[in-house]
Amino acid sequence: MKNSFIKDIAFYVPEKILTNDDLSTMMDTSDEWIKTRTGIEKRHSTGDTNMGPADLAVLASNKLFEKIGMDKNEVDFVVFATSTPDYYVPGSGALFQEKMGLDNIGVLDIRQGCSGFTYALSVADKFIKTETYSKILVIGAEVQTTQLDFDNDGRGTAVLFGDGAAACLLTSTDGDKGILSAHLHSDGQFIDVLSSSHPSSKYKDIINEDNIKKRQHHIHMNGREVFKHAVRRFKEVILEGLENNNLTIDEVDMVIPHQANYRITQTVQKQLGVSEDKVFSNVHNYGNTTAASIGIALTEALEQNKIKKGDIVVLASFGAGFQWGSVVIKW
Ligand code: UT7
C-alpha cells in the first residue's frame, strides 16, 4: 500500500502586526495580562486589505512551490481548511483554485475550526492511500481578525487570534515513512462554548440594529471552559495515536500542538511527561491562527531543524465544536 508523506510545507502571514500594546489602545487590556495568560506577544492581521483566506493561501502556496521547485499544475487535488471562509458560498477552495490558476482539479472545504489542519491531513492521507490522488495540496488558512470584537466586550477573545495560512504538499510514497494514522473526534454539546453563529442561515432575522448592538456578529468563547477540555483532550488524543501505532511517548521526537495558548501547551507537555523542547510553541509570534496554526508551527519546526528523517512527529488539535484530533507521522 502507498504511504502519504509531507513533501514540504510553507506559510504566509500578512505584513501588518498587531502588538499587545496596539490592542491596549483599543480595549481594556494590557501586554502584561495577555503575555501572562497566553504567552502571546503579537499577531498578524490583514487589516483593511480585504484579503481573505484564499488570498493568504495563494501566497503560502507560491512560497511552497518555489521551495520545492515544482509546477503547481502537478497538484491533483486540494483540501482547504478554514473556519473563516471568504464567502458562505462557494467555499474558499473554489476561490483558491481560481486565484491560484490551477487546472480544473477537485477542491474540498473543511470547516473544523482549530482542528481544520488535522482533519484536512487525515482526508488527504486517505485519498493517497487509496491511490485516488498522488499530490494533494493541504491548506490551513484563516482571517480571524474580521470577526473579532476589538472592544471591551470582546477582549476575552480578540487578543487571542491572528491571521495566516499554511500550505503543505502531501505526496504518495512507497517508502517506510509518512502518516501512520489519524484520530478524529467531536462533541457537539459544547458548540455554544466557542462559536460564531451570527449571521447564519439559522438565525434569519439577525442583521438588525438591536443584535448588532448586542455584538452578536462576533465570535464568542467561554475561555475557561475551552481551556479545561483542551488540556484533557490533547493528552488523550496524542496517547490514542501512539497506542494505535504501538509507540510510547518516549519514542516521540516532536509534538506540534495547535497553538492557542502557551499555558495549554505547557500543561500538555507536563501531562505527557516530556521535556519542553519536545513540544513546539510559536504562539507568542502569531496568536491562534486556527486552521493555519499547526502548519505554521510545523514549518518553523522544520526550518529550525527540530525534525529530522525517521523522527516520530505528532500533530494534535483541539477547538470549536468541540472537535479534536491527532496525526502521527514518521518523518
Ligand atoms: O483553540 C481553541 C480556542 N481557544 C482556546 O484554546 C482558548 C482557551 N482558553 C484560554 O486560553 C484562556 O481561558 C483565556 C486566555 C481565554 C483566558 O484566561 P483565563 O485565565 O481563563 O481568564 P478568565 O477568562 O478567567 O478571566 C480572568 C479575568 C476576568 O476578570 P475578573 O472576572 O477576574 O475580574 C476577565 O474579565 O481577566 C479578565 N479578562 C481580561 N483582562 C485583561 C479577560 N480578558 C481580558 C483581557 N485583558 N484581554
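For trypsin sites (Lys or Arg not before Pro), no site in segment 1-79 is both called loop by DSSP and has at most 11 other Cβ atoms within 10 Å. Among the GluC sites (Glu not before Pro) in segment 1-86, those located in a DSSP loop and surrounded by at most 14 other Cβ atoms within 10 Å of their own Cβ are Glu15.
Computed over the chain, relative contact order equals 26 percent, with contacts defined as Cα pairs under 8 Å that lie 6+ residues apart. Think of each Lys and Arg Cβ as +1 and each Asp and Glu Cβ as -1; about the Cα centre, that makes the dipole of the chain roughly 540 debye. Taking 0.36 nm per residue of separation and subtracting the Cα-Cα distance, full extension of the segment from Gln271 to Asn222 would add 15.3 nm. Once the Cα-Cα distance is subtracted from the 0.36 nm per residue extended length, the Asp311 to Tyr203 segment shows a gain of 34.1 nm.
In the Gaussian network model of the chain, springs joining C-alpha atoms below 10 Å, which of Met26, Met100, Met51 carries the largest mean-square fluctuation? Taking springs between Cα atoms under 10 Å, the residue moving most is Met26.
Counting only DSSP H runs of at least 4 residues, each contributing -39500 (n - 2.57), and dividing by the residue count of the chain, the helix-based mean residue ellipticity at 222 nm comes to -9500 deg cm²/dmol. Subtracting the Cα-Cα distance of Asp21 and Lys214 from 0.36 nm times their residue separation leaves 66.9 nm of extension gain. Peptides 264-273, 299-308 ordered by packing proxy, namely the average of other Cβ atoms within 10 Å per residue, highest first: 264-273, 299-308.
In terms of surrounding Cβ atoms within a 10 Å radius of their Cβ, Thr171, Thr130 rank from fewest to most as Thr130, Thr171.
Remark: relative contact order (segment 256-331) = 33 percent; criterion is Cα-Cα distance under 8 angstrom and separation of 6 or more residues.
How big is the dipole moment of segment 148-217 about its Cα centre under a simple scheme where the beta carbon of each Lys and Arg is +1, that of each Asp and Glu is -1, and everything else is neutral? Debye, nearest 20, please.
100 debye
Values in this text are rule-based calculations from the coordinates and carry no lab data. What you see is a predicted model, and the numbers here were worked out from it, not measured in a lab. Positions of Cβ are generated from backbone atoms using ideal geometry, with glycine treated the same way; all protein chains shown enter the neighbour counts.
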